[in-house]
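Inspection log for the structure reproduced underneath, given as C-alpha cells.
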Amino acid sequence: MSAKHLASCLFCKIIKGEIPSYKLIETELSYSFLDIGPLSKGHALVIPKYHAEKLHMLPDEYLADALPIAKKIAIAQGVENYNILQNNGRIAHQIVDHVHFHVIPKPSDSAEEGLVIGWPTQKLEKEELVKIYEEMKNKL
C-alpha cells in the first residue's frame, strides 16, 4: 500500500523532511525520532508513513512495522522500565491527529520523569462483564 499524507499534518511534514527531526530509525513504512517535548531523556515517537488519525484507520502492515521499531528504541534507551503509549482522540489525550506510538523511558519511581498516570479501575458485576464480553466477542 502506498503512503498517504496530509499536507497540513505536523508528522507528515516531518516524514517528508519539511520539518527537521532527530531521526532514529526509518523503514519503508515507519519513521521514528526523539520527542522534542520529552517526559524523560530518550522519549521517542514511532509514526507510520501513512496518515491515519486513529489506530483503527491504519492498515495492518503499518502496525506490524511499528512495534519492532518501538522494541529496538526501548532497548537503546537502556532502562529496565518504560511505557509504550498510543492515544486515539482528544479526550484520550491525542494531540497530533496522526497515529503515533510514544516510547517513554521510566528511569525511576518518580513523578519527575517518565509517564505518570492514574488507573481508576472500576468494579463490574459478573453479569455486566459477561454482557460486555458477549457484545465484543460477537463483533470480532
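The values are calculated or read from the model by the stated rules, or taken from the named source; none is laboratory data. Keep in mind the model is a prediction, meaning the values are calculated, not measured. Quick reminder, even Gly has a Cβ in these numbers, built from the backbone with ideal geometry, and neighbours come from all protein chains shown. Just the protein is used for accessible areas: all its heavy atoms, side chains included, with ligands, DNA and RNA removed. Shrake-Rupley method; radii C 1.70, N 1.55, O 1.52, S 1.80 Å.
Can you find, within region 101-140, the residue that is modelled with the highest pLDDT among those that are under 22 Å from GLU80 (Cβ atoms) and among the hydroxyl-bearing types (Ser, Thr, Tyr)? Looking at residues that are under 22 Å from GLU80 (Cβ atoms) and among the hydroxyl-bearing types (Ser, Thr, Tyr), I get SER108. The residue list ASN138, ASN88 contains one member that is in contact with a helix residue (DSSP H, G or I) (Cβ under 6 Å, 6 or more places away or on another chain) and over 19 Å from LYS41 (Cβ atoms), which is ASN88. The set of residues in region 70-116 that are within 26 Å of MET57 (Cβ to Cβ) and either in contact with an Asp or Glu (Cβ under 6 Å, 6 or more places away or on another chain) or of a type in the set (S, T, N, Q) (or both) comprises ASN83, GLN86, ASN87, ASN88, GLN94, ASP97. For beta carbons closer than 7 Å, sequence separation of 6+ or different chains, a first residue in region 99-127 that is farther than 22 Å from ILE75 by Cβ and a second that is not hydrophobic (A, V, I, L, M, F, W, C), the qualifying pairs are VAL99/PRO48; VAL99/LYS54.
Which one of MET57, MET1 is surrounded by fewer than 16 Cβ atoms within 10 Å (Cβ to Cβ), of a type outside the set (S, T, N, Q) and modelled with pLDDT of 95 or more?
Working: MET1 fails: modelled with pLDDT of 95 or more.
After ruling out the rest, the residue left standing is MET57.
Just one of the numbered conditions (1) of a type outside the set (D, E, K, R); (2) over 26 Å from PRO59 (Cα atoms); (3) open to solvent by 100 Å² or more (accessible area, probe 1.4 Å) is not true of TYR133: (2). Take the conditions (1) under 17 Å from the mean Cα position of the chain (by Cα); (2) without any contact (Cβ under 8 Å) to a residue 40 or more places away in the chain; LEU10 misses just one of them, which is (2). In the set LYS16, LYS49, only one residue is of a type outside the set (Asp, Glu), open to solvent by less than 70 Å² (accessible area, probe 1.4 Å) and modelled with pLDDT of 95 or more; that residue is LYS49. Taking the listed residues LYS71, LYS123, the one that is open to solvent by 100 Å² or more (accessible area, probe 1.4 Å) and in a loop (DSSP other than H, G, I, E, B) is LYS123, with no other qualifying.
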